[in-house]
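Input: a single structure, listed below in structure tokens.
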Amino acid sequence: MKVLIIRFSSIGDIVLTTPVARCLKQQKKATIHFLLKKNYTEVLQNNVYIDKILVFDKKEKKQTIKKLKKENYDLIIDLQNNLNSFIIKRKLYKKTLTVNKKNIKKWLLVNTGKDLLKREHIVERYFQTIKTIKIKNDQKGLDFFINPKVEKSLPIGKSKILETPFITWAIGATYSKKKLSITQIIEVLNRYDKPVALLGGINEEKEAEQIILSTKNKKVISFCGKLTLQESAFLINKSELILTNDTGLMHIASALKKQIISFWGCTKPSLGMAPYKASERSIQLVSYPNAPPCSKLGNRCRKHKQACILEINPDEIYKALIKES
């Protein structure tokens, strides 16, 4: 069986598809190709269950479809379910299984508080998509494979953090309303004296610098904007635990079976995107835990002038950190 899996983006969403690829490979001995956007190829780098990674570009859609037609797939598994994936499926004219995003139920949860999702995880929805071909969830969680050569590529002078126990703190997120403030982070680090590696993208560089300048903890190092995804995953894997907003690095940490302290505000675990089969000692700190999510993506807040994640008390974060570290 030759299978094409479609999931264009983003980091966390692609990581969440990896159990499907693994179970297809192991249970059906399938040849698996994966179609995604170029920016996210590193997510599946070294994945032993995927035979070929294919890149999708809107500007080269016709050329991509021509290439896909030549592959002559037996099955297309669409875990994206948007207009572009619909066009590809229609042009390839092959048997297709498409994920039900349950957008109506998400809308009801966000806008009325009525929870028909019943905390069903997105990974379980993916397996519902392929149940007709008799693929079962092996319950082994997510996959993320780290290139063994990554350690040598860490920035010179900063790899010394590996010589002592440390934690990682992913301070970024797709939307600002999904992020803890630097004030919250500084308050926690003022009371914590062990080494901390700050992770994030270019957008978090200045925030990380401000954290380092303001905190009493002089063992805080910023890797923000300086690492590849593989390098970030390497640090997470070496760390004792990770503190993280609702972001792609959280799902990578889940795949690596790390202890996770995750922070939730405008998005909530009830949407089905909580850490999946991470360490049993992982903790979720949720502002307004009994309230529905403010938005599906975390791009707006209806509880707070800025973002309801700011209601998470630094004392609560510190207590969770001390308990787990």
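The values are calculated or read from the model by the stated rules, or taken from the named source; none is laboratory data. Note that the structure is a prediction, hence the values are computed from the model and not measured. Because the Cβ atoms are built from the backbone with ideal geometry, glycine has one as well, and the counts that use them run over all protein chains shown. Just the protein is used for accessible areas: all its heavy atoms, side chains included, with ligands, DNA and RNA removed. Shrake-Rupley method; radii C 1.70, N 1.55, O 1.52, S 1.80 Å.
Listed values, structure above:
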quantity	calculated
Filter on Lys58/Lys149; Lys38/Lys179; Lys101/Lys134; Lys52/Lys118; Lys194/Lys226; Lys67/Lys134 - keep pairs with C-alpha separation over 24 Å	Lys58/Lys149; Lys38/Lys179; Lys52/Lys118; Lys67/Lys134
Column: log10 I(q)/I(0), Debye, Cα scatterers of the range 167-325, q = 0.10 Å⁻¹	-0.31
Relative contact order, percent, the chain [alpha-carbon distance under 8 Å, six or more residues apart]	17 percent
Cα pair distances exceeding 16 angstrom across the range 134-253, given as percent	61 percent
Charge-dipole axis of the chain as Lys and Arg at +1 and Asp and Glu at -1 on Cβ define it, positive-most pick from Pro289, Ile130, Leu189	Ile130
Reachable lysines, given that their alpha-carbon falls under 17 Å from the alpha-carbon of Lys177 and they are not under 8 places away in the same chain	Lys268, Lys296, Lys303, Lys305
For the range 60-126: rounded, prolate or oblate by the Cα gyration tensor [a/c cutoff 1.5]	prolate
Distribution of pairwise C-alpha distances over the range 78-163, 5 Å bins, in %	2, 10, 13, 13, 13, 12, 10, 8, 10, 7, 1
Straight-distance crosslink candidates among aspartates and glutamates, where the alpha carbon sits under 16 Å from Lys28 and sequence neighbours closer than 8 are dropped	Asp51, Asp74, Asp138
About the Cα centre, charge dipole magnitude for the chain (Lys/Arg +1, Asp/Glu -1 at Cβ), debye	1660 debye
Area accessible to solvent at His251, 1.4 Å probe radius, in Å²	10 Å²
Fraction of alpha-carbon pairs over 31 Å apart in the chain - percent	34 percent
Point-charge dipole on Cβ atoms (K/R +1, D/E -1) for the range 20-99, about Cα centre, debye to 20	360 debye
Cα shape, the range 1-102, gyration tensor, a/c 1.5 rule	rounded
Options Gly200, Ile5, Thr247, ranked by Cα towards positive dipole end of the chain, top entry (Cβ charges)	Ile5
